[in-house]
Amino acid sequence: MSMPTIKQIRAYTVRGGGADYHDQGEGHWIDSQISTPMSKYPDYRMTRRSFGLNVLGTLVVEVEASDGTVGFGVTTAGEIGAFIVEKHLARFVEGQRVTDIEKIWDQMFHATLFYGRKGVVLNTISGVDLALWDLLGKIRDEPVHALLGGPVRDELQFYATGARPDLAQKMGFIGGKMPLKHGPAEGDAGLEKNLAQLADMRERVGDDFWLMFDCWMSLDLDYATRLAQGAKAHGLKWIEEALPPDDYWGYAALKKSVPAGMLVTTGEHEATRWGFRMLLEMGCCDIIQPDVGWCGGVTELVKISALADAHNTLVVPHGSSVYSYHFVVTRTNSPFAEFLMMAPQADEVVPMFNPLLLDEPVPENGRMRASKLDAPGFGVRLNPDSTLARPYTH
């Protein structure tokens, strides 16, 4: 059969959960006191919403083929991303064959170099790319993982990110990653509180359960080193995103200074093969953690993963639900996946992008059969009850 072309691309925004999972109501653990780059300012220390973490909202990108098939992707770029899609990127998408994903990506990236390269522009490109892969899977009646070469294992296993690793252990996860609460501005007292939290959680879960700290770009090299050294006694498996994303030199030094056996991980807020090339060639970390909705989409994640494989570095994508699961299940250097606990108290397993997506699979006892991902495309649907807005057209 002849391959359909792309008739139209549309960009929508939506508030309240979804890809912008920080856009939550009051009382959610994800907006509690968590160490951030803004924690140096007391006015912005107690919640992340106070400095605007949820201002963007979710971007939904739809691509409609000439035969009427519609694919979609979601990311965090909000109205800014919707403008970029409708007013700039549409020209590189519409009229192309559904299979022209590589060319479309290359044109979108190079056409936005003068104002893009990373950040919200790459989030937007990622959202378009996810929509294109979803569309291609639906046209071919295959899951995205089949388009990527097929599963290399029968099931995925997960660690959980959230405020209660002890509860995650009871739910069958292989480990729990806690948000670090106190940053350098709170001095030695804050550091001791962080270590006390870790010690308490270690006592709750025992010696055989992974415990990790998510530091969310908030530390300096000295503080991160002292935290890692102090955490050795409590069996911390890894220290994550301890430094600002551009401090490659700091990460290289941290990796050399942490206790033997402790891993350094980062990359959630890195983008493109060039950004990850810096992390890999400079020996910055043991695991890279690209977010498929931010790093450039599936098209770029495949290239990032190949670079990591050549450097004997694991790829464990930042939690992004089905958009990363379809990738992880096809890669031998992605041995497990992240699941973000989006229940307000981190006390139950709920779909990560709830309420935006329908048919979103979740782990059962910390695992997921590969067959759960066998629906065409990414296998999820937009919730028709979600209030989508299309702020721009073209």
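Take the residues in the range 323-347 that are closer than 13 Å to L148 by Cβ and aliphatic (A, V, I, L, M), then tell me which one is nearest to the chain's Cα centre (by Cα). So the residue we want is V328.
Applying the criterion of at least 2 residues that are free of Cβ contacts under 8 Å to residues at least 60 places away in the same chain, among the small types (G, A, S) and not assigned by TED's automatic domain parsing to the domain that holds L130 to the helices (runs of 4 or more DSSP H) found wholly in the range 258-334 leaves 297-310.
Test H110 against the stated conditions and say whether it is out of contact with any Pro (no Cβ under 9 Å at 6 or more places or on another chain) and either at pLDDT 95 or above or not aromatic (F, W, Y) (or both).
Values: out of contact with any Pro (no Cβ under 9 Å at 6 or more places or on another chain): yes; either at pLDDT 95 or above or not aromatic (F, W, Y) (or both): yes.
Against the criterion (out of contact with any Pro (no Cβ under 9 Å at 6 or more places or on another chain) and either at pLDDT 95 or above or not aromatic (F, W, Y) (or both)), H110 qualifies.
If the condition is being surrounded by 13 or more Cβ atoms within 10 Å (Cβ to Cβ), farther than 14 Å from R164 by Cα and hydrophobic (A, V, I, L, M, F, W, C), then the range 181-199 contributes A185, L191, L195.
For the range 361-393, a residue qualifies if it is farther than 15 Å from V70 by Cβ, assigned to a loop (DSSP other than H, G, I, E, B) and free of Cβ contacts under 8 Å to residues at least 24 places away in the same chain, and exactly one does: V362. Scanning the range 1-56 for residues that are in a loop (DSSP other than H, G, I, E, B), hydroxyl-bearing (S, T, Y) and surrounded by 22 or more Cβ atoms within 10 Å (Cβ to Cβ) yields S35, T36, S39.
Mind checking whether some residue in the range 109-117 is part of a helix (DSSP H, G or I), without any contact (Cβ under 8 Å) to a residue 40 or more places away in the chain and not assigned by TED's automatic domain parsing to the domain that holds E300? Yes: one or more hits. Scanning the range 70-83 for residues that are farther than 19 Å from D134 by Cβ and buried (at least 24 other Cβ atoms within 10 Å of the Cβ) yields one hit, G78. Out of K7, K40, K87, one residue alone is in contact with a helix residue (DSSP H, G or I) (Cβ under 6 Å, 6 or more places away or on another chain) and of a type in the set (K, R). It is K40.
Of the residues making up the range 348-360, those that are crowded, with 18+ Cβ neighbours inside 10 Å, more than 15 Å from the chain's Cα centre (by Cα) and not in a strand (DSSP E or B) are V349, L356, E360.
The values are calculated or read from the model by the stated rules, or taken from the named source; none is laboratory data. The model shown is predicted, which means the values in this text are computed figures rather than measured ones. Cβ sites come from the backbone with ideal geometry, for glycine too, and all protein chains shown count toward neighbours.
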